Amino acid sequence: MPTSPHIHPKFKFNGLSYSSAEELLNFADDLKNHGAAYEVSIANFLEEWLDFGETVMVRTSGSTGTPKEIFLNKQQMINSAEATGAYFKIGEGTKALLCLSADYIAGKMMLVRALVLGWDLHAVAPNKDALTEYDNDYDFVAMVPFQLHHSIHALDKVKKMIVGGGAISVELEAQLQDKTTEVFATYGMTETITHIAVRRINGFAKSDAFSALPNVKFAKDPRGCLVIEAPKVSDDEVVTNDLVTLHSPVSFTWLGRIDNVINSGGVKLSPEKIEMKLSQHFDFSFIIASETDEALGQRVILIVEGKDVPSEEVYGKAFESLEKYERPKRIYSLSKFPYTETGKIKRLDVLSLLHKHN
């Protein structure tokens, strides 16, 4: 039976301690046989973490392309966990909530942080009401925006929270401003073993800029896209397609994806920037995209999800918040958007469906 140095003596899972890898593996085996689907995912990861291999296989979400399987080095995952612990000052004994699927890197890393840093980790199903399901208080929680939206009324149970996996709307950010919980948006990807930068989104320390975690540096390539140097979690520089304003080697503001940029009449527009403005007025899912226009080259379009199309009055008020060139020239609707398993809209698939229906 394998043994592992990757279990902190103070580690607890749902209130129970484990004195050895063997004990934890027996627990994982029991979970696989009798647990719910989310618990089976946790058990599968624990078995992989405690085996003799040096890597862990993870799947990317597929929100910006085809999902793929990559292998991450366990020591680099430990380095990532330690960087998170150092940045947020959350060491042994931290009471944390795992409410993300362990099938993906964000959920896996909550387990790694708990194992490495000695947390008391409470695991629940990755549902929208994960925070309210049990009457517990937590020092640290990781969520996606959809879960945060449904947890606003219960945030007083959490001291620090990180939010990733999607954009945080202006409306949601506004709802956080009177909360005592320290809430941070994260920047990262599977290849960087989750977040390598965070920004505070509420309170006096609120900022539009992301700040680097320990041992991370930033630069820009000739396209204006972010380049990440994080030797503790990645052997190579990570060249992204994220347009940024670089403030320093450890700070940047995210502008949007270069592959989504719309060139309309010579004016370059960021769909993400337009979406952020419209999110203050819309309570339904939508994306900003483009289509060919003879005069402009590309024209801005709005694609909304749902069978019940909002009234012209709703659109008119929302469009008043946009600059002239940002205003959609066409509005389309799809009854149902395709989403990744982690809840992100698949932009390319939305456009593909739109072309099929028009």
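The values are calculated or read from the model by the stated rules, or taken from the named source; none is laboratory data. Everything numeric here is computed off the predicted structure, so don't read it as measured data. Neighbour counts run over all protein chains shown; Cβ positions are idealised from the backbone, glycine included.
In the range 101-158, the qualifying residues are those that are more than 18 Å from ASN44 (Cα to Cα) and of a type in the set (Gly, Ala, Ser), and the one that is surrounded by the most Cβ atoms within 10 Å (Cβ to Cβ) is ALA142.
Condition test on ILE196, is it crowded, with 18+ Cβ neighbours inside 10 Å and touching a Gly at 6+ places or on another chain (Cβ under 7 Å)?
yes
Could you go through the range 82-90 and let me know if any residue there is over 21 Å from ASP137 (Cα atoms) and without any contact (Cβ under 8 Å) to a residue 40 or more places away in the chain. Scanning the range 82-90, I find at least one residue that is over 21 Å from ASP137 (Cα atoms) and without any contact (Cβ under 8 Å) to a residue 40 or more places away in the chain, so the answer is yes.
Let's see how each residue does on (1) among the polar types (S, T, N, Q); (2) crowded, with 16+ Cβ neighbours inside 10 Å; (3) out of contact with any helix residue (DSSP H, G or I) (no Cβ under 9 Å at 6 or more places or on another chain):
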site	(1), (2), (3)
SER311	yes, no, yes
VAL314	no, no, yes
LYS317	no, no, yes
ILE331	no, no, no
PHE337	no, yes, no
GLU341	no, no, yes
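Considering only the range 291-298, I want to know if a residue exists there that is buried (at least 17 other Cβ atoms within 10 Å of the Cβ), more than 28 Å from PHE210 (Cβ to Cβ) and of a type in the set (A, V, I, L, M). Yes, the conditions are met somewhere in the range 291-298. In the set (1) over 22 Å from ALA230 (Cα atoms); (2) among the aliphatic types (A, V, I, L, M); (3) assigned to a loop (DSSP other than H, G, I, E, B), the condition left unmet by LEU97 is number (3).
Here the range 129-187 is the region considered, the condition is being closer than 22 Å to ALA212 by Cβ and part of a loop (DSSP other than H, G, I, E, B), and the residue that is modelled with the highest pLDDT is GLY164.
In the set SER333, SER321, only one residue is touching a residue at least 12 places away in the same chain (Cβ under 8 Å) and outside any strand (DSSP E or B); that residue is SER321. Every condition in (1) surrounded by fewer than 16 Cβ atoms within 10 Å (Cβ to Cβ); (2) not assigned by TED's automatic domain parsing to the domain that holds ALA212 holds for VAL239 except the one numbered (2).
Give me a count of the residues in the range 30-69 that are of a type in the set (A, V, I, L, M, F, W, C) and modelled with pLDDT under 90.
First, pick out the residues of the range 30-69 that are of a type in the set (A, V, I, L, M, F, W, C): 31, 36-37, 40, 42-43, 45-46, 49-50, 52, 56-58.
Of the ones still in play, those that are also modelled with pLDDT under 90 are 52.
Within the range 30-69, residues that are of a type in the set (A, V, I, L, M, F, W, C) and modelled with pLDDT under 90 number 1.
Let's see how each residue does on (1) in contact with a Cys (Cβ under 9 Å, 6 or more places away or on another chain); (2) buried (at least 16 other Cβ atoms within 10 Å of the Cβ); (3) more than 25 Å from ARG113 (Cα to Cα):
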| site | (1), (2), (3) |
| --- | --- |
| LEU176 | no, yes, yes |
| VAL183 | no, yes, no |
| ILE201 | no, yes, no |
| PHE204 | no, no, yes |
| ASP208 | no, no, yes |
| PHE218 | no, yes, no |
| CYS225 | no, yes, yes |
| GLU229 | no, yes, no |
| SER248 | no, no, yes |
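Applying the set (1) in the same structural domain as SER335 (by TED's automatic domain parsing); (2) under 21 Å from the mean Cα position of the chain (by Cα); (3) modelled with pLDDT of 90 or more to SER290 leaves exactly one unmet item: (2).
Based on this model, can you work out whether LEU97 counts as modelled with pLDDT of 95 or more, touching a His at 6+ places or on another chain (Cβ under 6 Å) and not assigned by TED's automatic domain parsing to the domain that holds GLU272? Walk me through it before giving the result.
Values: modelled with pLDDT of 95 or more: yes; touching a His at 6+ places or on another chain (Cβ under 6 Å): yes; not assigned by TED's automatic domain parsing to the domain that holds GLU272: yes.
Against the criterion (modelled with pLDDT of 95 or more, touching a His at 6+ places or on another chain (Cβ under 6 Å) and not assigned by TED's automatic domain parsing to the domain that holds GLU272), LEU97 qualifies.
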